Amino acid sequence: MEFVTNEKLTIVGAAGMIGSNMAQTAIMMGLTPNICLYDPYAPGLEGVAEELYHCGFEGMNITFTSDIKEALTDAKYIVNSGGAARKAGMTREDLLKGNAAIAEEFGKNVKAVSYTHLRAHETGRNLVCRLLLEKKK
Ligand SMILES: NC(=O)c1ccc[n+]([C@@H]2O[C@H](COP(=O)([O-])OP(=O)(O)OC[C@H]3O[C@@H](n4cnc5c(N)ncnc54)[C@H](O)[C@@H]3O)[C@@H](O)[C@H]2O)c1
């Protein structure tokens, strides 16, 4: 299988619905053979990793960890969909508040391993921040 790059891609929030789908999509698009899944919810993360192993994708090096430092070390690309789950009675504004705090914490972790460029994609309709981080060349 040919890949766009061999650099490490870290998917943050990989135990979640969007993150796990993004991981599979990245593999199927042949973006890179080196994918690291990160999520603080370790049991769910292991489940996602096992599902991907069972798919038998060829030539893939899929790793997973709940240690943010390990996840970000040497990662050239990061896709982040990690966030708080919306519960009954919560408005989208409530959700944004929780997710803003998570994004702030994430920004500190990224800084600690020298990432320098943060782009936030936010849709007005959904009030969701999806962050794409690029390591400065
Ligand atoms: N799925 C949708 O259609 C949709 C729509 C609007 C908003 N959102 C929001 O987008 C985010 C992701 O959606 P989802 O459907 O994948 O949710 P999800 O609940 O399935 O997954 C979110 C994942 O983020 C992880 N997480 C929690 N705190 C984290 C942190 N500090 N760092 C990294 N990861 C963390 C959780 O453990 C979980 O596995 C959520 O905040 C959700 O509320 C989703």
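Values quoted throughout were computed directly from the atomic coordinates according to the rules given, and no laboratory measurement underlies them. Predicted model, so just to flag it, every value in this text is computed and none were measured. Positions of Cβ are backbone-derived with ideal geometry, glycine not excepted, and every protein chain shown enters the neighbour counts.
Quick notes on this structure:
- Vicinal HN-Hα couplings computed from phi for the stretch 39-45 (Karplus, 6.51 cos²θ - 1.76 cosθ + 1.60; Hz; Gly/Pro x): 6, x, 8, 4, x, x, 5
- Count Lys and Arg as plus one, Asp and Glu as minus one, and take only other residues whose Cβ is under 15 Å from that of K87; the net charge is then +1.
- Label-to-label distance, nm, for residues given as T25 and N6 (7 Å Cα→Cβ offset): 2.7 nm
- Treating r as the C-beta distance of E93 and Y41 and R0 as 22 Å, the FRET efficiency rounds to 0.35.
- Between N109 and C55, the FRET efficiency estimated from the beta carbon spacing at R0 = 25 angstrom works out to 0.30.
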